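The structure appears right after this line, and notes come after that.
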Amino acid sequence: KRIDWLKLNKEYKGLWVALDEDETEVVSSARDAKSAYQETVKKGIESPILFRVPSEALSYIGFSCFIK
């Protein structure tokens, strides 16, 4: 089972999300990482994966620049 990242970005915009260890399910979400983590631990998942969903989608174009 995979997570639909586009759906995740829409549903949890601007929130901290905690995934289970297999990265297959959103276990909790909150405005701050500590709350998301604590809720996940209460549900029996001791090592959740936490990340913050961006408030808005931004494009990124990277390049390398060396200054001498």
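Rule-based calculations on the coordinates, nothing more; no lab input. Everything numeric in this text was worked out from a predicted model, so none of it was measured. With ideal geometry, Cβ positions are generated from the backbone for all residues, glycine too; neighbour counts draw on all protein chains shown.
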ask   = Among rounded, prolate and oblate, which fits the stretch 5-47 when a ≥ b ≥ c are the square roots of the eigenvalues of its C-alpha gyration tensor, a/c under 1.5 means rounded, and a/b larger than b/c means prolate?
value = oblate
ask   = When Lys and Arg each count +1 and Asp and Glu each count -1, what net charge do the other residues less than 12 Å away from Val53, Cβ to Cβ, add up to?
value = +3
Rough spin-label spacing in nm, given labels placed 7 Å along Cα→Cβ, for Ala33 and Glu11 = 2.3 nm
request  = Sticking with the crude label model, points 7 Å out along Cα→Cβ, report the distance from Ile3 to Ile49 in nm, one decimal please.
outcome  = 0.6 nm
task = Enumerate the calculated ³J(HN,Hα) couplings along the stretch 23-28 in order (Karplus 6.51 cos²θ - 1.76 cosθ + 1.60, θ = phi - 60°), each rounded to whole Hz, writing x wherever the residue is Gly or Pro.
result = 6, 10, 8, 7, 8, 7
message = What distance in nm separates the two pseudo spin-label positions at Glu56 and Asp22, each 7 Å out from Cα along the beta-carbon direction?
response = 3.7 nm
